[in-house]
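Take a look at the structure below.
The values are calculated or read from the model by the stated rules, or taken from the named source; none is laboratory data. A quick note: this is a predicted structure, and the numbers were derived from the prediction, not measured. A quick note on method: Cβ atoms are made from the backbone with ideal geometry, for glycine too, and the neighbour counts reach across all protein chains shown. To get the accessible areas, we keep the full protein, side chains included, count just its heavy atoms, and leave off ligands, DNA and RNA. Shrake-Rupley method; radii C 1.70, N 1.55, O 1.52, S 1.80 Å.
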Amino acid sequence: MSPERPYHPIDCSIHDRLESAATLRRPVAIAFRSADGEVIEVEARIIDVFARDGVEYLKLEQGREIRLDDLHTVDGVATGD
C-alpha cells in the first residue's frame, strides 16, 4: 500500500532527537498536523521511530502513530516545515 501523499523526509537532527527521546524513554512535547490540518499538541513518550511503505513514523506509548513529515515542533524546536 503506498502513502496517499508524498513523504518529505525530515531533517536528520530532528530524527536524531526523536530516536534519543525514544531510547531514553523521555517524555517530549510534540505538535503535529492532523489529517484535517489542525495542529495538535501532546506530551508523551516515543516508543518507536520506524518506516513503513516508504514513510517514516513515530509511535507514542498510547499507540498513536504520527508521520514524521506531519511534525510541527518537538520540545519547542521547529521541524523545518
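For this structure, a couple of remarks:
- Identity of the residue in the range 45-63, surrounded by 14 or more Cβ atoms within 10 Å (Cβ to Cβ) and of a type in the set (D, E, K, R), that ends up farthest from Thr23 (Cα to Cα): Glu56
- Residue within the range 17-25 that is in contact with a helix residue (DSSP H, G or I) (Cβ under 7 Å, 6 or more places away or on another chain) and open to solvent by less than 70 Å² (accessible area, probe 1.4 Å) present: no
- Test result for Asp75, open to solvent by 50 Å² or more (accessible area, probe 1.4 Å), in contact (Cβ under 8 Å) with a residue 12 or more places away in the chain and on the phi > 0 side of the Ramachandran plot: yes
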